Amino acid sequence: MINKILISACLFLSLVSFSQEGTSSPYSFYGIGESRFNGSVESRSMAGLSIAPDSTHINLQNPAGYANLKWTAFTLAGSNNRTKQKSGTSSASTQRNTFDYLALGVPLGKFGAAFGILPYSSVGYRIENVSLDGSQNNKRFNGWGGLNRVFLGAGYRIMPNLSIGANAYYNFGKIQTNSLEFVPFVPIGSRELNVNDLSGVNFNIGMMYQAKINKKMTIFSSLYYTPKSNLGSNNTRTIGTVTFDSNYDVQGVDSLDPVITKTDLNLPQKWTFGAGIGDSKKWFFGSEISFQDVGKLYNSYNTLDNVTYEKYQKYSFGGYYTPNSNPFVGYAKRITYRGGFKYEKTGLVVNSTSINDVGMTFGLGLPITGSLSNVNLGFEFGKKGTTSNNLVQENYFNINIGVSLNDKWFVRSKFH
């Protein structure tokens, strides 16, 4: 009963949290927003690696990892994100807290299963262009929302060193944008409000393989693939006139009848391959490469002449080290240390300039004494974008915290 209450409460908390803005980036204006990392804190602390099998943590990226679970795992996580944005003439700082994911994984012999909820993309921007001398119209843009997904997946261990798996996703969300334009010193302007309801289904498949080199070292490999899929967008566009007060806050709206349309968007196919070497109970080092085609994720309101899209690419290197996994040694020796480096081509091209993301990560896995559960801390800092060609550079620092509760659930009590 306690487990059911805990899950229900966390699911409610996650649904409430996903209604908040998950980003503050001006680059989230494009497409369906800024892509969110779709993995656990443990993986994110290693620059996104999801290669080595794990018996206590849920692999949210490669469903083949479910087959390696030996304990029921309940996990949830959140982040504190701090960003300094700067252009050639100005700078600003933002901060936000986000709820990142919630999932439950269950071992079923050679099978393993998991379900949960996590964000796919987020929109959250506020852009203002104000003419102080009145020589041009003033403009304000803001947007919020994003795409979330619930998933259900299963993995199967074909052989002791080979497992496969698949996830099915239901994607849902809403993106809203508000564009204001008004003549300086005139208390009447125009507004365009777009509301886009998104929904669709897709899936991914994965495989994990390991081979021992000797008694202490093993080679690990991972492959997972997400096919191309459709995403429906029901669009409502409303244009009207608005009145302002002296602070340019909207006081009244006189709108025309809304225009309702439907757009078919396309989530592109994606391949991810990783390989590494180590002793899974003590240390691991590996690398991972991801490639993604160009999809069709833009709508009528954010199609611009100076914006194009290219193939997404990501290169990650990282690993972990646990001095001693024996539960009877000192606490400090049982801490897992993680780290990594990533280089990411986001696929967005603005003013003929690719928007890239370069970052470093590190983290700690803190065991909860007397159990197999743990608290995982992750830290990430890096740079996205550039100040060249009238663009914005974002220097970010993220603190991620996740909890993984592990136990033998669903075991019938025996009385003698």
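The values are calculated or read from the model by the stated rules, or taken from the named source; none is laboratory data. Keep in mind that this is a model prediction, so the values were computed, not measured. Neighbour counts run over all protein chains shown; Cβ positions are idealised from the backbone, glycine included. The area values use the complete protein model at the heavy-atom level, side chains included, leaving out ligands, DNA and RNA. Shrake-Rupley method; radii C 1.70, N 1.55, O 1.52, S 1.80 Å.
What does the extension gain come out to for L152 and N326, with contour length at 0.36 nm per residue minus their alpha carbon separation? Extra length available between L152 and N326 comes to 59.3 nm. Counting only protein heavy atoms and a probe of 1.4 Å, the accessible surface of the chain is 59% carbon and sulfur. For segment 59-161, the Cα-based Rg and Dmax, in that order, read 21.9, 73 Å. Extending 7 Å from the Cα toward the beta-carbon at both T241 and I260 defines two label points whose distance is 2.7 nm.
Shape summary of segment 140-271, radius of gyration then Dmax from alpha carbon positions: 24.4, 78 Å. Spacing of the modelled spin labels on I127 and N390, each 7 Å from Cα toward Cβ, amounts to 1.1 nm. The C-alpha radius of gyration of segment 267-416, expressed as a fraction of 2.2 N^0.38 Å, stands at 1.43. What net charge is computed for the residues neighbouring F141, neighbours being all others with C-beta under 13 Å from the C-beta of F141, Lys and Arg scored +1, Asp and Glu -1? Cβ neighbours under 13 Å give a net charge of +1.
Debye sum, Cα scatterers, the chain, no solvent: what log₁₀ I/I(0) at q = 0.12, 0.14 1/Å? Calculated log10 I(q)/I(0) at the listed q: -1.00, -1.30. What is the sum of charges around T72, taking Lys and Arg as +1, Asp and Glu as -1, for the other residues whose C-beta is under 10 Å from the C-beta of T72? Taking every other residue near T72 into account, the sum is +1. Normalised by the number of residues in the chain, the average gap of Cα pairs under 8 Å and 6 or more apart makes the relative contact order 17 percent.
Residue by residue, segment 40-49 carries 3J(HN,Hα) couplings of 7, 4, 4, 5, 4, 5, 10, 6, x, 5 Hz when phi is fed to the Karplus relation 6.51 cos²θ - 1.76 cosθ + 1.60 (θ = phi - 60°); x denotes Gly or Pro. Note on the chain: with charges restricted to the Cβ of Lys and Arg (+1) and Asp and Glu (-1), its dipole about the Cα centre is near 2080 debye. Sorted from greatest to least, the principal axis extents spanned by the alpha carbons of segment 66-121 come out as 60, 17, 16 Å. For segment 234-306, the Kirkwood hydrodynamic radius from C-alpha pairs, put into Stokes-Einstein at 10 °C and a viscosity of 1.306 mPa s, yields a diffusion coefficient of 89 µm² per second. Extension gain for the segment S90 to I399, taken as residue separation times 0.36 nm less the Cα-Cα distance, is 108.7 nm to one decimal.
Potential lengthening of the chain between I213 and N178 amounts to 6.8 nm, from the contour at 0.36 nm per residue minus the alpha-carbon distance.
Along its principal axes, segment 43-90 has C-alpha extents of 54, 20, 14 angstrom, given from the largest down.
Note on segment 121-194: Rg/Rh from Cα positions, Kirkwood definition for Rh, rounded to two decimals, is 1.43. For the set L377, L104, the ranking by accessible area, highest first and with no ligand, DNA or RNA atoms included, is L377, L104 under a 1.4 Å probe. The residues of segment 358-398 expose on average 44 square angstrom of accessible surface per residue, using a 1.4 Å probe on protein heavy atoms. Near T272: Cβ cut-off under 12 Å, other residues only, Lys/Arg at +1 and Asp/Glu at -1. The net charge is +1.
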